[in-house]
Amino acid sequence: MSDEKKRGGAFALAQRLGRSLMLPIATLPAAGLLMRLGQADMLGSDSHGGGLSSHVPWMQPVADVLVASGNAVFSHLPLIFAVGVAVGVARRSDGSTGMAGLFGYIVYEGVLGAMAPHWGTGGATPEHNTIDYGVLGGIVIGIMAAVLWERFHRVALPDWLAFFGGRRFVLIVTSLAAIGVALVMGALYPVFNWLINDQLGGWLMRAGAEGGASAVLATFVFGVVNRLLTPFGLHHLLNSIPWFQLGTCTDADGQTLHGDLTCFFSGVDGTNAWTGSFMTGFFPIMMFALPAAALAIWHTARLSRRRATGALMISVALTAFLTGITEPLEYAFAYVAFPLYAVHAVLTGTSLALVNALGIKDGFAFSAGGIDYLINLGKSAELSGGYLAGPILLAAIGLAYGVVYYLLFRFLIVLMGFKTPGRDDSDLDAFEPAAADEPDRATAARTRLRMQRRRGVVTA
């Protein structure tokens, strides 16, 4: 196999892995909403009488149930990632693929528990030590389960063992392989814990809490690389590291959790004061800047196509503003005007750097859209030092970025002649599907008529 093919195969695998991460991530909006609604400043009660339960006591059990429901998802994220990645990475997967991921992770977790007294860290005594790779362990097990499923799901065993063949054999071999993976990862955990949790994660927590140049630089680089990977579907790989792996916090049950996103929602007693560093800066871009870019694309379209372009741009801009789903909008110019997209990536990095320099904290369960922004107003204000210093200032920054994006995009599109939607010179483009499809429809109709005549259904 040539080096080019190998690179292509590796890239395709990385793309599948990136897409597969969206399956477990899709569980987070519901979990985040449940946890947010049940917290003390909303349906619960706090010392300031700000929660609904402070005035309606019978709402407190409801709040407790909501928090417990959402926390159940966040507490089992590694398992969810193991199943989701297994299903997403394997080609032509089915239910047995997810079952393999489940089996593999259960075995993996059990072996790590047995090794924790010898190789783990963090406990007051060796018996209380833990080995916690977070979602990384789930991703590794999920990839392993997918690979083994593709290799063994059609294996044939002798007749006297036929019952254990095929998909059943995958479960057996995955469980055995999970033991080996767990032994290796358990032995390597002291090094991993020192490098990732203590050094890198500790730096993240300090940078997020204290601000300064280190936080600004780290978040700028993360923002730029995040956007540059988006057109290739690889940004979810990058996101999973700071959102679910780096940094630590403690939840209400005293459990240690990892990740910027997880700790934003689950951390208590000040353990989540550092969170938001790798999430906050996306709000100005996704809620304001990219919709403004869509407006610029609309206004620079050819007059004959401006109406159709406007309809498309309004829909994708509204999607970005409300939900934070920006791929449909970004794809509209990422491939036809990549220099413009590169400018967008750099500006995204500056947004993350700016909000960190100002100490603004915010987060999301799904993406940086208006829905998450409204739901987490109270949390953002709490961590930022008030509404004015947090969500209100964040919205003002977003409006400023919107103006910059509109003026810059409009200027560059016209100056460089980028073929953004509505400016394509071709006669048939995406905004004229009916005209474009007409020849194909006519051909298909003639083909059907000929086949019917041959079968004697239609006479000439």
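In the range 387-402, the count of residues that are assigned by TED's automatic domain parsing to the domain that holds residue 304, within 25 Å of residue 321 (Cβ to Cβ) and at pLDDT below 90 is zero. A search for C-beta distances below 6 Å between a residue of the range 106-117 that is modelled with pLDDT under 95 and any residue that is not in a helix (DSSP H, G or I), counting only pairs 6+ apart in sequence or on different chains, returns 112/131; 116/129; 116/130; 116/131; 117/129.
When the range 26-60 is examined, which residues are found to be assigned to a helix (DSSP H, G or I) and modelled with pLDDT of 75 or more?
The initial filter retains those residues of the range 26-60 that are assigned to a helix (DSSP H, G or I), namely 28-38, 52-54, 59-60.
Within the range 26-60, 31, 34, 37, 38, 52, 53, 59, 60 qualify.
Scanning the range 250-267 finds no residues that are touching a Gly at 6+ places or on another chain (Cβ under 7 Å) and more than 30 Å from residue 198 (Cβ to Cβ). The one condition from (1) outside any helix (DSSP H, G or I); (2) within 22 Å of residue 281 (Cβ to Cβ) that residue 318 does not meet is (1).
Yes/no matrix, rows are residues, columns are (1) aromatic (Phe, Trp, Tyr); (2) under 30 Å from residue 269 (Cα atoms); (3) part of a helix (DSSP H, G or I):
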position	(1), (2), (3)
69	no, yes, yes
91	no, no, no
103	yes, no, yes
116	no, yes, yes
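With respect to residue 328, determine if the residue is within 21 Å of residue 221 (Cα to Cα), under 18 Å from the mean Cα position of the chain (by Cα), part of a helix (DSSP H, G or I) and not polar (S, T, N, Q). The answer is no for residue 328.
Residues in the range 134-150: is at least one in contact with a strand residue (DSSP E or B) (Cβ under 9 Å, 6 or more places away or on another chain) and outside any helix (DSSP H, G or I)? Yes, the range 134-150 contains at least one residue that is in contact with a strand residue (DSSP E or B) (Cβ under 9 Å, 6 or more places away or on another chain) and outside any helix (DSSP H, G or I).
Inclusion of residue 142 among residues that are among the small types (Gly, Ala, Ser), touching a residue at least 12 places away in the same chain (Cβ under 8 Å) and within 24 Å of residue 263 (Cα to Cα) is warranted. Taken together, the residues in the range 125-184 that are aliphatic (A, V, I, L, M) and surrounded by 16 or more Cβ atoms within 10 Å (Cβ to Cβ) amount to 20. So for the range 345-357 (the condition being at pLDDT 85 or above and touching a Lys or Arg at 6+ places or on another chain (Cβ under 7 Å)), does at least one residue qualify? Yes, some residue in the range 345-357 is at pLDDT 85 or above and touching a Lys or Arg at 6+ places or on another chain (Cβ under 7 Å).
The helices (runs of 4 or more DSSP H) found entirely in the range 336-425 that carry 2 or more residues being crowded, with 18+ Cβ neighbours inside 10 Å and under 21 Å from the mean Cα position of the chain (by Cα) are 338-357, 370-375, 377-384.
Is it fair to say residue 195 is part of a helix (DSSP H, G or I), outside the structural domain of residue 335 (by TED's automatic domain parsing) and at pLDDT 90 or above? Considered against the rule, which asks whether it is part of a helix (DSSP H, G or I), outside the structural domain of residue 335 (by TED's automatic domain parsing) and at pLDDT 90 or above, residue 195 comes out as no.
Of all residues in the range 114-140, count the ones that are more than 16 Å from residue 243 (Cα to Cα) and touching a Phe, Trp or Tyr at 6+ places or on another chain (Cβ under 7 Å).
In the first step, residues of the range 114-140 are kept if they are more than 16 Å from residue 243 (Cα to Cα); the result is 114-131, 140.
Okay, now just the ones that are also touching a Phe, Trp or Tyr at 6+ places or on another chain (Cβ under 7 Å), so 119-120, 131.
Residues that pass the stated criteria total 3.
So, in the range 185-207, exactly how many residues are over 30 Å from residue 359 (Cα atoms) and buried (at least 20 other Cβ atoms within 10 Å of the Cβ)? Before you say what the answer is, go through the steps one by one.
Taking the range 185-207 first, the residues over 30 Å from residue 359 (Cα atoms) are 185-191.
Within this subset, residues satisfying the condition of being buried (at least 20 other Cβ atoms within 10 Å of the Cβ) are 185-186, 189.
Counting residues in the range 185-207 that are over 30 Å from residue 359 (Cα atoms) and buried (at least 20 other Cβ atoms within 10 Å of the Cβ) gives 3.
Number of residues in the range 100-128 that are of a type in the set (S, T, N, Q) and farther than 18 Å from residue 78 by Cβ: the value is 1.
The values are calculated or read from the model by the stated rules, or taken from the named source; none is laboratory data. From a predicted model like this one, the values you see are computed outputs, not experimental measurements. Quick reminder, even Gly has a Cβ in these numbers, built from the backbone with ideal geometry, and neighbours come from all protein chains shown.
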